[in-house]
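Right, one structure below, let's go through it.
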2 protein chains.
Amino acid sequence: MQKLEELALKIRKIGKDDPRRVFHSLKVGLALTLVSIFYYVNPLFHGLGTSTMWAVLTVVVVMEYTVGGTLSKGLNRAFATLLAGALGLGANHLAALGGDKGEPILLGVFVFMLAAMATFSRFVPEMKARYDYGVTIFILTFSLVAVSSYREEELIKLAYRRLSTVAIGVTTCLCTSMFVFPVWAGEDLHMLVAANLDKLACFLEGMGVECFGEKMESGSLEGKSFLQSYKTVLNSKATEDSLANFARWEPGHGHFGFRHPWNLYLKIGAVTRHCACSIEALNTYISTLEQSHQTTTDLEFKQMVQAACAEMIKETSKALAELASSIRGMKWSSTAGKHLAMATEAANRVKALVPAKNSTLLDVLISATTASLVTELVRCINPIITAVEELSRLVEFKRPEHSRKAGAESPPHVVIAID
Amino acid sequence: MQKLEELALKIRKIGKDDPRRVFHSLKVGLALTLVSIFYYVNPLFHGLGTSTMWAVLTVVVVMEYTVGGTLSKGLNRAFATLLAGALGLGANHLAALGGDKGEPILLGVFVFMLAAMATFSRFVPEMKARYDYGVTIFILTFSLVAVSSYREEELIKLAYRRLSTVAIGVTTCLCTSMFVFPVWAGEDLHMLVAANLDKLACFLEGMGVECFGEKMESGSLEGKSFLQSYKTVLNSKATEDSLANFARWEPGHGHFGFRHPWNLYLKIGAVTRHCACSIEALNTYISTLEQSHQTTTDLEFKQMVQAACAEMIKETSKALAELASSIRGMKWSSTAGKHLAMATEAANRVKALVPAKNSTLLDVLISATTASLVTELVRCINPIITAVEELSRLVEFKRPEHSRKAGAESPPHVVIAID
């Protein structure tokens, strides 16, 4: 009972998080009901016969969440059916030359060869990205037409019916997808890229307050909820790629023209991820630093650097937020550049602090930073070792002889602490 | 002509890189040819009639590259067909109660409701990951049975035929997939995780030689081919997730039991990516350092730190390589832990260097590292600004009034240099 309640709450949350999901579900129902009218209405039914079920099938398979997805699948399906239908008819004519006994053998050879070649073409990355579904339908239709041709008398009629029912299905999908609460992949990509920049900005803002702000001593980042949001940015590549792929199929809509430079969004996404990586490094460093409870002797110097860091982080955060809102509103502003300039100024101020203190200090600083980064790297290995060790215990990796003899069930758990 | 040659070379390379791709293509051809025998042989054909084409369709759609993929799709298809077929028959009986006029309306309502609910269930992440294909087939079969029931007299016979042809198709796929040169998703995941660790190890080894080795002054990392390999690790999450998902469907094979802890591979993958992020931060820092041509005054200190860094990187690289080979050979060794201990020792040695030099230096170092990391972060913003700016130029974002009046076509390009 409690589990059912939890499930109900979860489902409600999914719908509330993005109401377009509910609309999409209703749209699929609508498209299916529309296409099944062909079945119920007598005059329509007699034209196409039982092949109307191909239209139902097409609707179920082609209907995607975004307009671009539906377009990509629908066009792939339509053109692949057309091409494979024509090729199938040709193969049928060729095979007929083989006589009664040769025909099935020839047909078998054709199907084998076409299927193998088409399948192999799916390993070409460009084909995979844009025409994967088309290739499936190509193999499907070709096999159906070629194989059926052995039994079916009126092959042309079959091919015509299949093509027209697929056309009906695709048209139904496209109309429902484009004209009833459309979800554009391009717009989603646009918003996603801006939202990712915002996530980084939001994290930096929080970090600036917690770690470099006035209450900097008390700030522990563990358990803060804003900590998690930027991590999703690191793994956003697959979503961005697929949205961009769909967006390319979409006609112009709203502010987005047909040849909108979607590739640029992928570029922004890549540099955003690079920035997220940099944030991850900084975040890891600060977390370990907090755990080591360093005591401070040269308070003045430390405070100067901290203040500069606080400003750099604040300005960087503002620059990112500015860029996000600039994308979102499609309105260029040079404010982001100004924020970056201010952050850069603060960075140079830190550099300038150093020679005043000590002339050889600069070398020390550079070496120290490198050493710190390498130390962080070393620290990364520990969780990897722990995870591999856990695996080795669970699936019983082979162990070196001596430890087995000693009856050691689990290897000594190594934890390295750098303090 | 030249383009054709290039294409031929490219296709050859794809086949050569992984010969299993060629086998897979031939396997698809084989499975299709096998299933079409049902069509050519008379006694077999008369049992199932033209619905044999469902078997052909099933083979084309279900056959995947890995055994797990085929199993997941095949079982999803089989069970969804069974469930939806039964529900469709039930819906048909219910609708028949509505009389001649009510029947199509009731059927329409059922199809609409089932389709909408099933589509919505695809937004639940757990459903999406494992049963997405099953839900599609569920909607498909239910609609087909419910809609056909209005015209078809022998509905039970239709449902039986559909189920048995799907079973024939799925069985053909599974046999071809599992017994002819099988490609196991689990094994691929196992190898991928090890290969990713190896990529990091290989990069670190190269970096250690180039940047911290004896010829450390000359080393420029730009344009080195080993530089690129670790970047693919950063984006490996999607591939790992999908392989792990397929691997869960696979029966035990080779060293992998049925309940092999595939989740642990995802965990290793996650910490590996974290490590890759740390490498990225280090790499970026070193690259910018090289460009700034820092002159050295305190050579002795620098060399001591460099030597320690070189050792840390060497040992880390060895630890990673050891872990990779430990996974690959499924043979636990504690050598990785020893390498890590040595790296840690080197890290502590760097720390020990500092107090000897200057008592307040430690504060300076920590502040300096933080400042360097933040500076790196600031530097990350520049490419983002450039990319957004490029976008704003290409799609003509709105510009602030004054720049439009001044006739400025492109905004002033801001490049911030931190030196």
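The values are calculated or read from the model by the stated rules, or taken from the named source; none is laboratory data. Source: prediction; values computed, not measured. Glycine gets a Cβ as well: all are built from the backbone with ideal geometry, and neighbour counts include every protein chain shown. Surface areas here come from the heavy atoms of the whole protein model, side chains and all, with no ligands, DNA or RNA. Shrake-Rupley method; radii C 1.70, N 1.55, O 1.52, S 1.80 Å.
Yes/no matrix, rows are residues, columns are (1) crowded, with 24+ Cβ neighbours inside 10 Å; (2) touching a His at 6+ places or on another chain (Cβ under 6 Å); (3) at pLDDT 70 or above; (4) assigned to a helix (DSSP H, G or I):
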site	(1), (2), (3), (4)
A:Glu300	no, no, yes, yes
A:Met312	yes, no, yes, yes
A:Asn348	no, no, yes, yes
A:Ser359	no, no, no, no
A:Arg379	no, no, yes, yes
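Would a scan of region A:96-115 turn up a residue that is in contact with a Gly (Cβ under 6 Å, 6 or more places away or on another chain) and surrounded by fewer than 22 Cβ atoms within 10 Å (Cβ to Cβ)?
The answer is yes; a qualifying residue exists.
Could you identify the single residue in A:Thr288, A:Thr295 that is modelled with pLDDT under 85 and not in a helix (DSSP H, G or I)?
It is A:Thr295.
Can you give me the number of residues within region B:227-248 that are part of a helix (DSSP H, G or I) and surrounded by 17 or more Cβ atoms within 10 Å (Cβ to Cβ)?
Number of matching residues: 11.
Considering every residue within region B:121-134, establish whether at least one is within 11 Å of chain A (Cβ to nearest Cβ) and over 30 Å from B:Trp249 (Cβ atoms). Outline the logic, then answer.
Looking only at region B:121-134, we keep the residues that are within 11 Å of chain A (Cβ to nearest Cβ), and these are B:121-128, B:133.
This time we only want the ones that are over 30 Å from B:Trp249 (Cβ atoms), so: none.
The answer is no, given that none of the residues of region B:121-134 is within 11 Å of chain A (Cβ to nearest Cβ) and over 30 Å from B:Trp249 (Cβ atoms).
Counting just the residues of region A:166-202 that are within 30 Å of A:Ser287 (Cα to Cα) and touching a Leu at 6+ places or on another chain (Cβ under 7 Å), which one comes out most open to solvent (accessible area, probe 1.4 Å)?
This residue is A:Leu192.
Select, from B:Ala146, B:Ala91, the only residue that is within 12 Å of chain A (Cβ to nearest Cβ), crowded, with 20+ Cβ neighbours inside 10 Å and closer than 21 Å to A:Leu26 by Cβ.
Answer to the selection: B:Ala146.
Just checking, does region A:256-263 include any residue being assigned to a helix (DSSP H, G or I) and not acidic (Asp, Glu)?
yes
Can you name the helices (runs of 4 or more DSSP H) wholly within region A:62-152 that have at least 2 residues being among the hydroxyl-bearing types (Ser, Thr, Tyr) and more than 32 Å from the chain's Cα centre (by Cα)? First the steps, then the outcome.
On the way: elements: A:67-96, A:99-121, A:125-148.
Qualifying helices (runs of 4 or more DSSP H): A:125-148.
Hey, can you tell me all the residues within region B:55-81 that are surrounded by fewer than 24 Cβ atoms within 10 Å (Cβ to Cβ), within 14 Å of B:Tyr133 (Cα to Cα) and hydrophobic (A, V, I, L, M, F, W, C)?
B:Val61, B:Leu71, B:Leu75, B:Ala78, B:Phe79, B:Ala80
Any residue in region B:261-275 that is among the polar types (S, T, N, Q), open to solvent by 10 Å² or more (accessible area, probe 1.4 Å), farther than 30 Å from B:Ile381 by Cβ and at pLDDT 80 or above?
yes
Can you tell me which residue within region B:4-36, out of those that are under 17 Å from B:Val170 (Cα atoms) and facing chain A (nearest Cβ under 8 Å), is modelled with the lowest pLDDT?
B:Ser36
Of the conditions (1) modelled with pLDDT of 70 or more; (2) more than 7 Å from every other protein chain (Cβ to nearest Cβ); (3) within 36 Å of the chain's Cα centre (by Cα), B:Ala352 clears all except one; give me its number.
Failed condition: (3).
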